[in-house]
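Enquirer: Here it is, the structure in full.
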Amino acid sequence: MTLAIVFVMTDISGIKASAAASGKVAVPKLASEKTYESTYTHPYNKQIDTIVLHWGKTSGANRYQVYVKGGKYKNWTRYCTTTNNSVTVKKLSRATGYSFKVRAVNKNNVYSSFSPVQTIHTARMNYDKAGWEAMCRIVYHEVGRINDNMWDKPIVYVADCVVNRYVSAKYCNDPLWTPFYKNYNNIQSIIYQSGGFMSDYGLSRDGCNYKNVADKCKIAVWGAVYGTTSYKGIKNDYNVYYWCNRSYYTNSNKIAYSFKIPWGYFSIWRTYWG
């Protein structure tokens, strides 16, 4: 008489995978993060605490396990099990990087290997479509609608200026910016109506409608909003609150960068001092 021996392995989640069970399960593939001009990964007005994950339908899968690490999740933690091909991960921390991985499970409780890890950041601030466009438009305007690559650093630092003011006022209770911006409900109101930036009309008059905004400005704004180095490896500066067309030093480290403006009647040039 021949004895058949079956080995049973149990993972940390208690799901059993039997060598005798039928069917194989493919490894899920997480879809790439979509950044600007999309709510695919980051829903409008929920960017500080919500991330949406997507993956393709996986051969042989009956359900999926989603794991998260980051923020309050100090170690890999199963967030949920779902039969869908996406999940909305909620109640996350602002301005925090989270890592995710997914594995598929079939009807016989055979599970796949984990997908490659994907890391996504929550934003430093919430915004809607109009707010996103306002940020991009003002950056595009303030760097003279882009001349050449010498404007790469100013693009990043102007984006930092715009975002830093709003973040300081709305999320950090900064004593300088909170009183100034407390009556404005969103970033576009601050840009268009506060007097600290420029009006919607003025931007349009100067040719700075969103359809004209260069991609490099959008990439730089994304980096400033999400706290990630996004444009040409230029690191963001979270201590800069002003830009100017005059070169002068003050005792305030919040006046950080000056650069030559494009209209020609200033001969000032000082390279990105801080």
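The values are calculated or read from the model by the stated rules, or taken from the named source; none is laboratory data. Given the structure is predicted, the values throughout are model-derived calculations rather than measurements. So basically every Cβ, Gly included, is an ideal-geometry build from the backbone, and we count neighbours across all protein chains shown.
Enquirer: As an exercise: evaluate residue 111 against (1) within 30 Å of residue 61 (Cα to Cα); (2) free of Cβ contacts under 8 Å to residues at least 24 places away in the same chain; (3) over 18 Å from the mean Cα position of the chain (by Cα) and give the number of the one condition it does not meet.
Expert: (2)
Enquirer: Of the residues in segment 7-62, how many are of a type in the set (A, V, I, L, M) and at pLDDT below 90?
Expert: 8
Enquirer: Residues that are crowded, with 18+ Cβ neighbours inside 10 Å and in contact with an Asp or Glu (Cβ under 9 Å, 6 or more places away or on another chain): find the helices (runs of 4 or more DSSP H) completely inside segment 105-188 holding 3 or more of those.
Expert: The helices (runs of 4 or more DSSP H) meeting that bar are 129-142, 152-170.
Enquirer: Condition first: crowded, with 19+ Cβ neighbours inside 10 Å and outside any strand (DSSP E or B). Now tell me which residues in segment 51-86 satisfy that.
Expert: 58, 61 - these are the residues of segment 51-86 that are crowded, with 19+ Cβ neighbours inside 10 Å and outside any strand (DSSP E or B).
Enquirer: Would you confirm whether any residue within segment 146-157 is within 30 Å of residue 58 (Cβ to Cβ), touching a helix residue (DSSP H, G or I) at 6+ places or on another chain (Cβ under 7 Å) and aliphatic (A, V, I, L, M)?
Expert: No, there is no match, as no residue in segment 146-157 is within 30 Å of residue 58 (Cβ to Cβ), touching a helix residue (DSSP H, G or I) at 6+ places or on another chain (Cβ under 7 Å) and aliphatic (A, V, I, L, M).
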